[in-house]
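Colleague: To start, I am sharing the structure in question, which I have written as structure tokens.
The numbers here are math on the coordinates, done by the rules we state, and not lab data. Bear in mind the structure is a predicted one, so any value in this text is a computation, not a measurement. Heads up, the Cβs are rebuilt from the backbone with ideal geometry, glycines too, and the neighbour counts pull from every protein chain shown.
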Ligand code: HEM
């Protein structure tokens, strides 16, 4: 089920994000703080919570729209922070990466809104 996959990927991304936070602290170099923040929040927190929603609402979580939503969110949760890190380290030549990543994340979130509203309406 896509919800379980999302929760597994989220915990891995959260671990990577936390280890990156510890590395920043040790090196006292906070250049990558925005990439760390977005990996933890979009990849760790949001991905886990959205996956949990699908586990709590199996009727919503078993649809092909939910699979598309979860897959898009996983891709965006990696491309977006990686893109931010690329721009911070290598410059704006790589600006397309965070732009594409953020658009994937917003598209996935818009799909999630559709799924939540649909399943809320089904319960009324
Ligand atoms: C082991 C766990 C973590 C460590 C060691 C860590 C470490 C850090 C460090 C060193 C900074 C930079 C501080 C500065 O710029 O002065 C930072 C910023 C930040 N962290 Fe973490 N962090 C951890 C977990 C998390 C988690 C779980 C989240 C969110 C769910 C998070 C969200 C943020 C945010 C929003 C910022 C500010 C980013 C910015 O200023 O651009 N962190 N963290």
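Colleague: Quick one: in the stretch 21-37, which of the residues that are surrounded by 12 or more Cβ atoms within 10 Å (Cβ to Cβ) and near the ligand (Cβ under 8 Å from one of its atoms) is farthest from residue 66 (Cα to Cα)?
Modeller: Among those residues, the one meeting the criterion is 24.
Colleague: Pairs needed: first member in the stretch 25-39, touching a residue at least 40 places away in the same chain (Cβ under 8 Å) and on the phi < 0 side of the Ramachandran plot; second member anywhere, assigned to a helix (DSSP H, G or I) and surrounded by fewer than 14 Cβ atoms within 10 Å (Cβ to Cβ); C-beta distance under 8 Å; at least 6 residues apart or different chains.
Modeller: Within 8 Å, the pairs are 31/89; 32/89.
Colleague: Just checking, does the stretch 5-14 include any residue being within 9 Å of the ligand (Cβ to nearest atom) and under 24 Å from residue 87 (Cβ atoms)?
Modeller: Taking every residue of the stretch 5-14 in turn, at least one turns out to be within 9 Å of the ligand (Cβ to nearest atom) and under 24 Å from residue 87 (Cβ atoms).
Colleague: Scan the stretch 83-101 and give yes if some residue there is out of contact with any strand residue (DSSP E or B) (no Cβ under 9 Å at 6 or more places or on another chain), in a helix (DSSP H, G or I) and within 11 Å of the ligand (Cβ to nearest atom), otherwise no.
Modeller: yes
Colleague: What are the pairs with Cβ atoms under 6 angstrom where one residue, in the stretch 97-122, is surrounded by 13 or more Cβ atoms within 10 Å (Cβ to Cβ) and the other, located anywhere, is not in a helix (DSSP H, G or I)? Sequence gap at least six, or different chains.
Modeller: 119/57
Colleague: Right, something else. Quick check on my filter: what residues within the stretch 38-48 are more than 6 Å from the ligand (Cβ to nearest atom) and either in contact with a strand residue (DSSP E or B) (Cβ under 7 Å, 6 or more places away or on another chain) or within 12 Å of residue 9 (Cα to Cα) (or both)?
Modeller: Of everything in the stretch 38-48, those that are more than 6 Å from the ligand (Cβ to nearest atom) and either in contact with a strand residue (DSSP E or B) (Cβ under 7 Å, 6 or more places away or on another chain) or within 12 Å of residue 9 (Cα to Cα) (or both) turn out to be 39, 42, 43, 46, 47, 48.
Colleague: Checking the structure you have, find out if any residue of the stretch 56-72 is farther than 21 Å from residue 120 by Cα and buried (at least 17 other Cβ atoms within 10 Å of the Cβ).
Modeller: Checking the stretch 56-72: at least one residue is farther than 21 Å from residue 120 by Cα and buried (at least 17 other Cβ atoms within 10 Å of the Cβ).
Colleague: Name the residues in the stretch 46-67 that are within 21 Å of residue 101 (Cβ to Cβ) and without any contact (Cβ under 8 Å) to a residue 12 or more places away in the chain, would you?
Modeller: 49
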